[in-house]
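Q: Structure incoming, see below.
The values are calculated or read from the model by the stated rules, or taken from the named source; none is laboratory data. For clarity, every value in this text was computed on a predicted model and none was experimentally measured. Neighbour counts are summed over all protein chains in view; Cβ atoms, including those assigned to glycine, are modelled from backbone coordinates with ideal geometry.
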Amino acid sequence: MNVMDTLRARGFIKQTVYEEDLYKLLGEEQVPFYVGFDPTADSLHIGHYIPIIAMAHMQRAGHRPIALIGGGTAMVGDPSGRTDMRSMMTKETIAHNVECFKKQMSRFIDFEGDNAAILVNNADWLLNLNYVDFLRDIGVYFSVNHMLTCDCFKSRMEKGLSFLEFNYMLMQGYDFYVLYQKYGCKLQLGGNDQWSNMLAGADLIRRKESKDAFAMTFTLLLNSEGKKMGKTAKGALWLDENKTPPYDFYQYFRNVEDCKVEECMKLLTFMELDEIAQLCAYNDERINVAKERLAYEVTKLVHGEAKAEECRAQAKAAFSGDSSNMPCVEVDKEVTFIPEIMVLAKVAPSRGEARRLVEGGGVSINDTKLTTKDLTLSADIIEKGEFVLHKGKKVHILIKLK
């Protein structure tokens with residue numbers, strides 16, 4: 001099967017250019033392709049996950065992935081989807097983040113073999129550019145009038161688009177051109193919010209080299225309200241277990257909206273489509289079986305089978321009330337103020353928010369619902385040395401006083 005058929009059947013493809021030509025190319029030869037990653041943190045998050053899984057599908061079909069880390073462009077900042085200017089990053093921070101990314105990507109794409117993935121950093125060619133030469137060789141192919149109509153700039157126009165950010169499209173387009181020259185890269189993949197930047201690169205190659213180049217964007221993972229999925233009360237859903245614990249990661253997908261389960265399975269796992277259709281055929285309580293499977297499969301891919309099994313056992317224990325297998329947090333026995341314990345257990349971002357949760361009737365200790373009048377652990381619980389903290393119907397944590 002042509003890999004475009006696979007990607008289309010699973011719901012990845014949002015936009016392409018010269019689609020018939022690209023389909024033919026992917027069916028006839030090994031195509032080097034690239035995806036760009038902005039190293040603004042020391043971990044990938046769930047927003048990067050769809051392009052990474054797409055890279056894996058492409059590699060399995062025989063095509064060669066190039067993971068481009070934007071060490072150079074990160075020093076400028078992508079204005080796409082922003083209403084403010086991104087903060088500057090040091091070279092040292094970027095270098096550290098690049099190493100973290102490569103380690104995480106190795107879980108999904110193969111850096112060895114006949115079509116081994118390549119990791120490149122655009123700082124290698126961007127940081128030493130002669131600006132006048134760059135403008136003469138590359139800038140001449142870009143229309144300012146056209147650039148100002150692009151979505152990636154529109155949201156910044158009201159507050160003021162800096163000339164620094166205005167260069168971003170040229171730099172990303174130049175990345176594609178360099179990869180075409182060095183590796184024969186003919187295709188850029190990415191999120192749909194990058195469409196304008198991606199078209200700029202493909203157009204640059206076609207105009208400057210008179211050769212074919214293509215762009216393909218993927219669906220963004222949105223909830224039923226049209227907002228990006230992957231945001232939690234604690235922030236982004238990270239792939240690094242030190243930033244988002246595996247249990248929290250598992251629970252996020254265990255609790256996705258019923259209407260999004262099938263889409264998540266297609267985009268975020270390698271499960272067969274027939275099996276996905278069977279699991280998602282119900283609109284009643286049986287959809288919970290599909291949710292459990294989704295959470296397990298995604299957690300297994302990101303954190304490994306052992307962690308996925310542990311998370312599944314903890315979730316079942318929490319649901320059944322079996323404290324022996326619940327997620328466990330140890331707290332100093334001197335800490336008796338419950339909102340502070342909630343912060344330490346990461347069920348609330350602050351003591352103020354913990355109080356509001358209590359006021360809303362959403363917090364219990366063992367079988368007793370808390371009120372704002374009883375925010376200190378009782379003497380018998382302190383003596384026992386442990387208790388179960390419940391937040392709502394889905395968060396249950398065994399707290400041990402040490």
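Q: Restricted to region 210-231, and to residues that are over 15 Å from residue 32 (Cβ atoms) and modelled with pLDDT of 85 or more, which residue is surrounded by the fewest Cβ atoms within 10 Å (Cβ to Cβ)? Step through it out loud before you land on a result.
A: Residues of region 210-231 that are over 15 Å from residue 32 (Cβ atoms), as a first pass: 210, 217-231.
Adding the requirement that they be modelled with pLDDT of 85 or more leaves 210, 217-222.
Numbers: 210: 7, 217: 22, 218: 22, 219: 17, 220: 17, 221: 19, 222: 13.
In this case the residue turns out to be 210.
Q: Also, quick follow-up: If you scan region 366-396, which residues turn out to be among the acidic types (Asp, Glu) and surrounded by 13 or more Cβ atoms within 10 Å (Cβ to Cβ)? Spell out the reasoning first.
A: Filtering region 366-396 down to residues among the acidic types (Asp, Glu) leaves 367, 374, 380, 383, 386.
Hits for region 366-396 are 374, 386.
Q: Related question: Here is a list: 192, 223. Which entry is assigned by TED's automatic domain parsing to the domain that holds residue 17 and out of contact with any Pro (no Cβ under 9 Å at 6 or more places or on another chain)? I'd like the intermediate steps shown before the answer.
A: Details: 223 fails: assigned by TED's automatic domain parsing to the domain that holds residue 17.
Going through 192, 223 in turn, just one is assigned by TED's automatic domain parsing to the domain that holds residue 17 and out of contact with any Pro (no Cβ under 9 Å at 6 or more places or on another chain): 192.
Q: Can I ask one more? Can you tell me how many residues in region 234-269 are under 16 Å from residue 327 (Cβ atoms) and outside any helix (DSSP H, G or I)?
A: Of the residues in region 234-269, 6 are under 16 Å from residue 327 (Cβ atoms) and outside any helix (DSSP H, G or I).
Q: Within region 27-41, which residues are touching a residue at least 40 places away in the same chain (Cβ under 8 Å), of a type outside the set (Phe, Trp, Tyr) and touching a helix residue (DSSP H, G or I) at 6+ places or on another chain (Cβ under 9 Å)? First the steps, then the outcome.
A: Filtering region 27-41 down to residues touching a residue at least 40 places away in the same chain (Cβ under 8 Å) leaves 30-41.
From what's left, of a type outside the set (Phe, Trp, Tyr): 30-32, 35-36, 38-41.
Residues satisfying the conditions are 31, 32, 35, 36, 38, 39, 40, 41.
Q: A further question on this structure: So which residues in region 1-32 are outside any loop (DSSP other than H, G, I, E, B), crowded, with 18+ Cβ neighbours inside 10 Å and within 20 Å of the chain's Cα centre (by Cα)?
A: 7, 13, listed by residue number.
Q: Consider residue 34 carefully, then state whether it is under 24 Å from residue 303 (Cα atoms) and either of a type outside the set (Val, Ile, Thr) or in the same structural domain as residue 93 (by TED's automatic domain parsing) (or both).
A: No.
Q: A further question on this structure: Suppose the filter is modelled with pLDDT of 90 or more, more than 14 Å from the chain's Cα centre (by Cα) and either not small (Gly, Ala, Ser) or not assigned by TED's automatic domain parsing to the domain that holds residue 149 (or both); does residue 262 pass it? Walk me through it before giving the result.
A: Working: modelled with pLDDT of 90 or more: yes; more than 14 Å from the chain's Cα centre (by Cα): yes; either not small (Gly, Ala, Ser) or not assigned by TED's automatic domain parsing to the domain that holds residue 149 (or both): yes.
Against the criterion (modelled with pLDDT of 90 or more, more than 14 Å from the chain's Cα centre (by Cα) and either not small (Gly, Ala, Ser) or not assigned by TED's automatic domain parsing to the domain that holds residue 149 (or both)), residue 262 qualifies.
Q: Restricting attention to region 104-147, and to residues there that are touching a Pro at 6+ places or on another chain (Cβ under 9 Å) and small (Gly, Ala, Ser), which single residue is nearest to residue 71 (Cα to Cα)?
A: 117
Q: Which of the residues that make up region 157-207 are more than 25 Å from residue 12 (Cβ to Cβ), modelled with pLDDT of 95 or more and either charged (D, E, K, R) or assigned to a loop (DSSP other than H, G, I, E, B) (or both)?
A: 182
Q: Looking at (1) in contact with a helix residue (DSSP H, G or I) (Cβ under 8 Å, 6 or more places away or on another chain); (2) without any contact (Cβ under 8 Å) to a residue 40 or more places away in the chain; (3) surrounded by fewer than 16 Cβ atoms within 10 Å (Cβ to Cβ), which one does residue 358 not meet, given that it meets all the others?
A: Condition not satisfied by residue 358: (3).
Q: Give me the pairs: first residue in region 200-211 and closer than 13 Å to residue 179 by Cα, second residue surrounded by fewer than 16 Cβ atoms within 10 Å (Cβ to Cβ), beta-carbon distance under 7 Å, and six or more apart or on different chains, which are they?
A: 205/211
Q: With acidic (Asp, Glu) and either surrounded by 18 or more Cβ atoms within 10 Å (Cβ to Cβ) or part of a helix (DSSP H, G or I) (or both) as the only criterion, which of 285, 334, 340 stands out? Break it down into steps so the answer makes sense when it comes.
A: Numbers: 285 fails: either surrounded by 18 or more Cβ atoms within 10 Å (Cβ to Cβ) or part of a helix (DSSP H, G or I) (or both); 334 fails: either surrounded by 18 or more Cβ atoms within 10 Å (Cβ to Cβ) or part of a helix (DSSP H, G or I) (or both).
Criteria check complete, one pass: 340.
Q: Something else about it: For region 233-255, enumerate the residues that are exposed (fewer than 15 other Cβ atoms within 10 Å of the Cβ) and of a type in the set (S, T, N, Q). Can you show your working first?
A: Of region 233-255, the ones exposed (fewer than 15 other Cβ atoms within 10 Å of the Cβ) are 233, 235, 242, 255.
Those that are exposed (fewer than 15 other Cβ atoms within 10 Å of the Cβ) and of a type in the set (S, T, N, Q): 242, 255.
Q: When region 288-317 is examined, which residues are found to be in contact with a Phe, Trp or Tyr (Cβ under 9 Å, 6 or more places away or on another chain), within 23 Å of residue 401 (Cα to Cα) and either modelled with pLDDT under 90 or surrounded by fewer than 18 Cβ atoms within 10 Å (Cβ to Cβ) (or both)?
A: 314, 315
Q: If residue 301 passes every condition in (1) closer than 17 Å to residue 48 by Cα; (2) aliphatic (A, V, I, L, M); (3) not in a helix (DSSP H, G or I) but one, which one does it miss?
A: If we test residue 301 against (1) closer than 17 Å to residue 48 by Cα; (2) aliphatic (A, V, I, L, M); (3) not in a helix (DSSP H, G or I), just (3) comes out false.
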